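The values are calculated or read from the model by the stated rules, or taken from the named source; none is laboratory data. On a predicted model such as this, the values are computed, not experimentally measured, just so you know. Using ideal geometry, Cβ is built from the backbone for each residue, glycine included, and neighbour counts are taken over all protein chains shown.
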Amino acid sequence: MRAVLSVSGVSMDFGGLRALDSVDMEVREGEIVALIGPNGAGKTTFFNCITGIYAPTEGEVFVSPPGRDRINIRHRKPNQVTGLGLARTFQNIRLFPSMTALENVMIGRHCRTRAGLLGAIVRGPVTRREEKGIVERAYSLLVKVGLGRWANEVARNMPYGAQRRLEIARALATDPFLLLLDEPAAGMNPQETQDLKALVTRLRKEFELSILLIEHDMKMVMSVSDRVVVVEYGKKIAEGTPAEVSADPQVIKAYLGEESDA
């Protein structure tokens with residue numbers, strides 16, 4: 001399988017603090033890869049380096065969109081990265097709270113629209129057809145994530161788990177080939193987490209996605225992931241299948257600490 005994301009030697013400094021230290025990893029076509037580690041390990045910083053929010057201090061980030069040559073995105077802006085086919089959700093929900101669920105997903109289509117300022121003003125037949133298509137696409141994505149009945153509900157009034165799913169629908173609206181999920185199960189109850197796991201697995205197949213996942217729920221990580229990458233203090237300390245990683249002494253030490261002498 002070809003790599004759709006290749007990260008080589010990525011480091012990120014904030015003043016005198018090195019938040020990431022020479023991290024290498026890749027996500028292959030059709031894979032679900034989990035990035036795990038203790039709090040403060042650098043996981044979200046890594047996502048920010050990939051998606052253009054931060055420009056890494058060192059290293060390279062390459063993506064391989066379907067049908068295109070490999071592209072270095074290290075110095076691309078977030079909107080450019082999204083336009084290339086990477087979409088993400090956030091650890092802290094970032095919806096437009098006063099807009100409806102449908103409107104939130106429609107905003108995700110912005111990077112795929114063709115009508116410019118003139119088209120928006122004149123609103124000719126082409127623009128109207130495009131607008132109709134955006135509404136239909138947004139609604140179909142809400143249905144895909146189980147939120148069809150919430151289409152006209154204001155986002156702030158939706159249950160927490162539904163808001164998490166709405167973020168995923170909005171990310172899917174950008175037509176990504178790589179979906180990055182930053183702690184999608186955070187704050188969910190066990191049933192919501194189980195439903196989310198089924199949703200992520202189904203979306204990978206239906207949309208032919210590769211998925212990079214940050215998650216603290218180890219049951220979800222170990223059951224949904226093809227590979228797991230572990231970071232601690234900004235460094236990669238392990239990588240492998242869920243079974244290999246869960247048995248790795250370095251990973252056990254990172255999560256549980258060293259055993260003290262009796």
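Miscellaneous remarks
- Complete set of residues in region 65-82 that are in a helix (DSSP H, G or I) and of a type in the set (Val, Ile, Thr): Val81, Thr82
- Residue match in region 231-244 (condition: crowded, with 19+ Cβ neighbours inside 10 Å, under 29 Å from Arg18 (Cα atoms) and either under 14 Å from the mean Cα position of the chain (by Cα) or hydroxyl-bearing (Ser, Thr, Tyr) (or both)): no
- Any hit, region 25-35, residues being touching a Gly at 6+ places or on another chain (Cβ under 9 Å), assigned by TED's automatic domain parsing to the domain that holds Lys235, within 16 Å of Leu179 (Cα to Cα) and surrounded by 20 or more Cβ atoms within 10 Å (Cβ to Cβ): no
- Conditions (1) assigned to a helix (DSSP H, G or I); (2) closer than 30 Å to Gly67 by Cα; (3) in contact with a helix residue (DSSP H, G or I) (Cβ under 6 Å, 6 or more places away or on another chain); number of the one not met by Thr174: (1)
- Residue in region 195-211 that is over 24 Å from Asn48 (Cα atoms) and among the acidic types (Asp, Glu) present: yes
- Residue within region 150-168 that is closer than 29 Å to Arg68 by Cα, outside the structural domain of Gln80 (by TED's automatic domain parsing) and either part of a helix (DSSP H, G or I) or modelled with pLDDT of 95 or more (or both) present: yes
- Exclusive hit being closer than 18 Å to Glu103 by Cα, charged (D, E, K, R) and within 21 Å of the chain's Cα centre (by Cα), set Arg137, Arg149, Arg156: Arg137
- Test: residue in region 34-50 that is part of a loop (DSSP other than H, G, I, E, B), touching a residue at least 12 places away in the same chain (Cβ under 8 Å) and β-branched (Val, Ile, Thr): no
- Test for Leu180: is it among the hydrophobic types (A, V, I, L, M, F, W, C), under 22 Å from Ala101 (Cα atoms) and more than 12 Å from the chain's Cα centre (by Cα): no
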